[in-house]
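Asker: First the structure, which I've put down as structure tokens, then a few questions once you've had a look.
Since every read-out is calculated from the coordinates, none of them should be taken as a lab result. Bear in mind the structure is a predicted one, so any value in this text is a computation, not a measurement. For neighbour counting, all protein chains shown are included, and Cβ atoms are generated from backbone atoms with ideal geometry for every residue, glycine included.
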Amino acid sequence: MPLIAASQVIRTREQAIEVNSVLRNTYMLLALMIAVCAGATVVAIRMTWLPPLWVMLIGIFALPFAIQATSRSPVGLLLSFVYAALLGLWGAPLISYVLQINSMLITQALGITAATFVGLSMYTIVRRTDFSWLGQFLTISTFAIFGVIILRFVFGVDISPFAMLISAFMIIFASALILFQTSQIVLGGERNYIIAATTLFAGLWLLFMYTLSLLAMFSGRD
């Protein structure tokens, strides 16, 4: 067996400790963001109140950049919770609607989302697979999503005929985002747990919401 220099062993051990620390902090923050999101959704449903649409759109798309810029300060941590709350408010109408037609769909969507997230995360962590090649797909897809949003909310284009196709694409996008970000943490490409948790939360939220949308469609509801 070839000898390994002591400095290499120490460096490898330190890297492993750092990766484990980032993973631990990331999942702790992710759990808190999920709790904040769920709380905001419950409040919105019970109060039947939402901020103006333009406020939520600006917040949802501007906050990730603000979090990136302040990720090394307590401000970034605070903004991550604001981001989670906004997404909770954004998803409230769909969840409220599904609760009225079939509440079991939410349980099913949660189960599918949890199983998918755990499966993707564990595969990446255990196998240490490099999914950095998904970055190009995610970048192009993000621009495509922006285009659809502009068509829908700025120009008022009816995209409902493509709802099932869009939901399927968003599930693929969310899964790719989870794989990419987890890979970045495990392989040392991401050392900031606030950025990592926010990205994973966005992927998890998209995965749940569009899985729920598909289940509602397959249940025979529009």
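Asker: Taking the Cα centre of region 6-218 as origin, sum charge times position over the Cβ atoms of Lys and Arg (+1) and Asp and Glu (-1), and report the length of that vector in debye to the nearest 20.
Answerer: The calculated dipole for region 6-218 is roughly 300 debye.
Asker: Using only the alpha-carbon atoms, how far is helix 104-127 inclined from the longest principal axis of the chain? Give it as 0 to 90 degrees, nearest 10.
Answerer: Its long axis makes an angle of about 20 degrees.
Asker: So how far, in whole Å, is the C-alpha centre of region 26-58 from the one of region 96-171?
Answerer: 18 Å
Asker: So what's the angle, to the nearest 10 degrees on a 0 to 90 scale, between helix 163-186 and the longest Cα principal axis of the chain?
Answerer: 20 degrees
Asker: What are the ³J(HN,Hα) values, in whole Hz, obtained from phi via the Karplus relation 6.51 cos²θ - 1.76 cosθ + 1.60 with θ = phi - 60°, for each residue of region 35-51 in sequence order, with x given for Gly and Pro?
Answerer: After applying 6.51 cos²θ - 1.76 cosθ + 1.60, I find 5, 5, 4, 4, x, 5, 5, 4, 4, 5, 5, 6, 8, 6, 9, 9, x Hz.
Asker: Nearest 10 degrees is fine. How inclined is helix 53-69 to the longest principal axis of the chain, computing both from alpha carbons?
Answerer: 10 degrees
Asker: Looking at the chain, what % of the alpha carbon pairs are farther apart than 28 Å?
Answerer: Here the tail beyond 28 Å accounts for 33 percent of pairs.
Asker: Moving on. Among 81, 92, 60, whose Cα sits farthest toward the positive end of the charge dipole of region 1-155 (+1 at Cβ of Lys/Arg, -1 at Cβ of Asp/Glu, about the Cα centre)?
Answerer: 81
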